[in-house]
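Novice: Got a structure for you, questions after.
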Amino acid sequence: MADGVERISSQDLSKLMNVTASQIRQDFNNFGGFGQQGYGYNVEYLYNEIGKILGLDQKHNFIIIGAGNLGRALGNYMNFERRGFLFKGMFDMNPDLIGMDVRGVTVMHTDELEKFIRENEIDIAVLTIPKTGAVAVAEKLVQYGIKAIWNFAHVDLKVPAGIQVENVHLSDSLMKLSYNLNRYNEEQNQ
């Protein structure tokens with residue numbers, strides 16, 4: 001869409017995505033289909049419909065707990081807003097970090113979490129804290145009304161049904177990358 005393409009075929013999409021055109025059509029059909037045979041897909045319509053499926057047609061207020069390097073890096077990432085994720089607050093316990101400015105957001109003490117969440121309609125919390133405190137913080141977040149947690153702490157969180165959690169283990173991701181690189185190198189050497 002950014003390139004001004006108005007319609008695209010499943011064949012063209014398959015080349016861009018490295019999956020078969022048949023798989024693309026099957027996947028789209030699981031959501032009711034989006035194209036017409038012989039015409040392809042209207043790019044803007046497809047973009048908007050996929051956005052609705054992903055919930056990107058809504059705004060989501062989020063906070064970051066943990067103002068260390070990873071937390072600040074995520075706080076400074078501007079593309080969240082383009083996708084409807086609005087960075088509203090950052091929290092930490094470290095007195096050296098409290099009061100710091102991260103892209104216009106002042107780092108607050110975690111003691112202010114509950115009030116801030118309730119007053120600012122926060123639905124997503126990002127955890128960038130050590131795993132030792134993540135479970136207890138996640139339990140508090142659920143009590144305070146958080147509906148989704150993006151968890152970068154290296155511990156899988158157990159939360160009540162209905163609370164959405166996405167665990168991101170950076171070392172696991174790096175190992176997966178290493179595995180794929182190793183497989184690729186082996187294929188090249190055959």
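The values are calculated or read from the model by the stated rules, or taken from the named source; none is laboratory data. Given the structure is predicted, the values throughout are model-derived calculations rather than measurements. Ideal geometry is used to build each Cβ from the backbone, glycine not excepted, and the neighbour counts take in all protein chains shown. Keep in mind that these areas ignore ligands, DNA and RNA; they rest on the heavy atoms of the full protein, side chains included. Shrake-Rupley method; radii C 1.70, N 1.55, O 1.52, S 1.80 Å.
Novice: Just to verify a result, which residue in the stretch 151-172, among those that are open to solvent by 90 Å² or more (accessible area, probe 1.4 Å) and either over 15 Å from Val126 (Cα atoms) or among the aliphatic types (A, V, I, L, M) (or both), is modelled with the highest pLDDT?
Specialist: The extreme case among them is Ala161.
Novice: Pull up the stretch 89-112, narrow it to residues that are under 24 Å from Leu170 (Cβ atoms) and touching a Phe, Trp or Tyr at 6+ places or on another chain (Cβ under 9 Å), then point me to the one that is surrounded by the most Cβ atoms within 10 Å (Cβ to Cβ).
Specialist: Phe91
Novice: Based on what the data block shows, is Asn94 in contact (Cβ under 8 Å) with a residue 60 or more places away in the chain and within 21 Å of Ile117 (Cβ to Cβ)?
Specialist: When the stated conditions are applied, Asn94 does not pass them.
Novice: Residues Ala73, Ala67: which one is surrounded by fewer than 17 Cβ atoms within 10 Å (Cβ to Cβ) and among the aliphatic types (A, V, I, L, M)? First the steps, then the outcome.
Specialist: Values: Ala67 fails: surrounded by fewer than 17 Cβ atoms within 10 Å (Cβ to Cβ).
So the residue among Ala73, Ala67 that is surrounded by fewer than 17 Cβ atoms within 10 Å (Cβ to Cβ) and among the aliphatic types (A, V, I, L, M) is Ala73.
Novice: Also: Quick check on the stretch 7-52: of everything there that is surrounded by fewer than 11 Cβ atoms within 10 Å (Cβ to Cβ) and under 28 Å from Phe85 (Cβ atoms), which residue is farthest from the chain's Cα centre (by Cα)?
Specialist: Within the stretch 7-52, the match that is farthest from the chain's Cα centre (by Cα) is Gly32.
Novice: Still on this model: Kindly list the number of the only condition in (1) in contact with a helix residue (DSSP H, G or I) (Cβ under 7 Å, 6 or more places away or on another chain); (2) surrounded by 12 or more Cβ atoms within 10 Å (Cβ to Cβ) that fails for Ala148.
Specialist: Failing condition for Ala148: (1).
Novice: Within the set of pairs 6 or more residues apart or between chains, which connect a residue that is on the phi < 0 side of the Ramachandran plot inside the stretch 101-116 to a residue that is of a type in the set (D, E, K, R) and outside any helix (DSSP H, G or I) with Cβ atoms less than 9 Å apart?
Specialist: Val105/Lys88; Val107/Asp92; Val107/Asp101; Met108/Asp92; His109/Asp92; Thr110/Asp92; Phe116/Lys88
Novice: Could you please give the count of residues in the stretch 76-86 that are among the hydrophobic types (A, V, I, L, M, F, W, C), surrounded by 11 or more Cβ atoms within 10 Å (Cβ to Cβ) and more than 13 Å from Ile124 (Cα to Cα)?
Specialist: Count: 0.
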